[in-house]
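Below is one structure, written out as C-alpha cells; comments come after it.
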Amino acid sequence: MNRRRQSGLIGEREIALIGCVSTRLTQKTTWGDAEARRRRATTLPGCCSRIRVLYYYFFPTFRDLFFEQKEITPFSRYAERNILSQEFHLVAPDHLKYNQPSIVSGRTDVVTVTPWLAPVVWEGTFDPVLFDSIYKQKNITIAATVFAVGKYIMFLKEFLETAEKHFFVGFRVHVFVFTDRPNELPQVKMAAGRQLTAYPVPSSKRWQEISARRMEFIQELIEKELHKYADYIFCLDVDSRFHSRWGTESLGGLVAVVHPGYYRADRSEFPYERRPESRAYVAPGEGDFYYCGGAFGGLLQEVHQLAKTCHSNFKADATDGIEAAWQEESHLNRYMWINKPSKVLSPEYLWQDFKNINPEVKIIRFSGVIKNYAAIRPNV
Ligand code: UD2
C-alpha cells in the first residue's frame with residue numbers, strides 16, 4: 001500500500017486517470033497541459049469528473065482499480081467487463097414469477113442488516129429463484145479455493161461431493177485444490193460447466209504456516225490465472241461439507257461469514273489479536289463481528305486486495321517476530337473491521353458439527369466436521 005493511498009490525498013494524475021475511465025478503463029491517457037486540465041474542470045464534464053473522484057474515492061475497490069496504475073494491468077479484462085454493472089445492475093427476467101416481497105413482515109428473530117446497511121443473509125431473507133434468475137443472465141464464473149495439505153486431503157472427497165450437490169448448482173464453478181499431494185486427488189464426478197484443478201503447494205511442518213500461507217497462494221492464483229476469466233471467488237476450509245444451498249444469494253463485493261462460535265458473544269470475548277505490536281491488532285471496544293477464516297469471498301478484485309493486504313501484514317509481522325493469535329483469520333478480521341464487507345453471511349454458511357443448533361439457525365448450509373487435531377495436523 002503506498003503512502004498516497006494511506007494519506008488519502010488525490011493528485012492531478014488521479015483526476016486525469018479517473019477522467020478517462022468512462023471511455024476505456026485500462027487506457028492510459030494524458031490530458032495535455034495544466035491549463036487544459038483547469039479549463040476542463042470548470043466545464044460540465046470536468047464537474048462530472050470531480051463527482052466521480054469523490055465516488056471512487058469512497059469506494060475502495062474502484063479507487064484501487066483506477067488510482068493504482070500498476071494494479072490495473074492484471075485486471076484489464078476484468079475491468080473491461082464493467083465491474084460496476086456486474087455487481088450492482090440486477091436485471092430480472094421479465095414475467096418471472098416468485099413470492100411477493102414485503103417490507104413489513106419477514107424474519108424478526110435475527111438482524112438482517114448491519115449498521116453500514118450491508119445485508120446479513122439468513123434463511124428466509126432472500127428468494128433463491130429470483131437470485132438465480134438474475135445471476136444466470138450475467139453468465140458468471142465462480143472460483144473456489146480449498147487447501148488440502150498433508151493429511152487434510154482426507155476431507156477433500158466429501159467436500160467436493162457435497163459441493164456438487166449444493167454449491168452454486170447450475171453455475172460455472174472452478175474449484176482449485178492447493179495440495180502437496182496432487183496425485184491423491186479423489187475422483188469426483190462433476191457436472192457440466194464445473195471443473196477441478198490441483199495447484200501444487202509445498203508441505204509444511206507447522207499447521208500454522210499452512211493456514212497462514214493461504215492468503216499468499218490465493219493472491220498468486222488470482223494474479224496468475226483467475227483474472228483471465230473468473231468473476232467471484234470463495235475461499236473455504238476443506239474439513240467441511242455442504243448440507244444445503246450455498247448459491248447466488250451469497251455473491252457480493254466483499255463477503256464475510258460471521259463465526260458460529262461468537263455471533264452471540266460480546267465483542268470483548270472475540271479472539272481478535274490483542275497485541276498492539278501485530279498488524280492484526282484490534283483494540284478493546286472495536287470490531288463489528290468475529291468473522292471466520294474458513295469462508296470468505298466476493299468479487300475477484302476485492303478478494304485480491306484482502307489477500308494481498310493480509311499476506312503482506314502477516315509477512316511484516318513475521319519479520320518483527322510476531323504471529324497473530326489465529327494467523328490469517330486474525331488478519332482477515334482486522335481487514336474487515338476497516339474494509340466493511342458489503343454482504344455478511346450468517347453462521348448458516350459455516351456452522352460447526354460439534355455445536356448444538358440454535359433456534360434462529362433454520363438451516364445449515366456448510367459446516368466444519370469434527371476432527372481429531374492431534375491425528376491430522378503435522379504439529380500440535
Ligand atoms: C480455524 C478456521 C480456519 C483458520 C484457523 C486459524 C474456521 C471454521 N476455521 O480453524 O480457517 O482461520 O482457525 O488458522 O473459521 N490445512 C491443511 N493442512 C493442515 C492444516 C490446515 O490443509 O495440516 C488447511 C485446511 O484447508 C483447513 C484449514 O487449513 O481446513 C484451516 O486449518 P484447521 O481447520 O486445522 O484450523 P481450525 O480448525 O483451527
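The values are calculated or read from the model by the stated rules, or taken from the named source; none is laboratory data. What you are looking at is a predicted structure, and each value in this text was computed from that prediction instead of being measured. With ideal geometry, Cβ positions are generated from the backbone for all residues, glycine too; neighbour counts draw on all protein chains shown.
What to note about this one:
- Figure legend. Inter-residue proximity from the range 165-184: first residues more than 10 Å from residue 198 (Cα to Cα) and touching a residue at least 40 places away in the same chain (Cβ under 8 Å), second residues outside any helix (DSSP H, G or I) and of a type in the set (S, T, N, Q), beta-carbon distance below 7 Å, spacing 6+ or different chains. Indicated pairs: 166/244; 174/141; 174/195; 174/197.
- Evaluation of residue 307 against (1) under 15 Å from residue 339 (Cα atoms); (2) away from the ligand (no atom under 15 Å from the Cβ) (one fails), failing number: (2)
- Just one of (1) of a type in the set (D, E, K, R); (2) outside any loop (DSSP other than H, G, I, E, B); (3) within 13 Å of the ligand (Cβ to nearest atom) fails for residue 371. It is (2).
- Counting the residues of the range 266-294 that are within 15 Å of the ligand (Cβ to nearest atom) and over 18 Å from residue 311 (Cα atoms) gives 4.
- Qualifying residue in the range 205-215 (condition: more than 16 Å from the ligand (Cβ to nearest atom), buried (at least 19 other Cβ atoms within 10 Å of the Cβ) and within 26 Å of residue 348 (Cα to Cα)): no
- Meets criteria (assigned to a loop (DSSP other than H, G, I, E, B) and either surrounded by fewer than 18 Cβ atoms within 10 Å (Cβ to Cβ) or at pLDDT below 95 (or both)) for residue 110: yes
- Condition check for residue 111: closer than 20 Å to residue 360 by Cα and over 18 Å from the mean Cα position of the chain (by Cα): yes
- For the residues 376, 357, 364, 338, the requirement of being of a type in the set (Val, Ile, Thr), within 15 Å of the ligand (Cβ to nearest atom) and modelled with pLDDT of 95 or more singles out 364.
- Number of positions in the range 126-143 that are assigned to a loop (DSSP other than H, G, I, E, B) and either without any contact (Cβ under 8 Å) to a residue 40 or more places away in the chain or closer than 13 Å to residue 92 by Cβ (or both): 4
- Residues of the range 297-328 that are of a type in the set (Asp, Glu) and not in a helix (DSSP H, G or I): 320, 323.
- Qualifying residue in the range 232-246 (condition: farther than 24 Å from residue 157 by Cα and modelled with pLDDT of 95 or more): no
- Residues of the range 153-200 classified as buried (at least 22 other Cβ atoms within 10 Å of the Cβ) and within 16 Å of the ligand (Cβ to nearest atom), total: 10
- No other residue among 321, 368 is under 30 Å from residue 275 (Cβ atoms) and within 20 Å of the chain's Cα centre (by Cα) apart from 368.
- Within the range 302-311, none of the residues are under 28 Å from residue 165 (Cβ atoms), without any contact (Cβ under 8 Å) to a residue 24 or more places away in the chain and in contact with a Phe, Trp or Tyr (Cβ under 9 Å, 6 or more places away or on another chain).
- Residues that are part of a strand (DSSP E or B) and within 12 Å of the ligand (Cβ to nearest atom) were ranked within the range 341-354; the one that is nearest to residue 301 (Cα to Cα) is 351.
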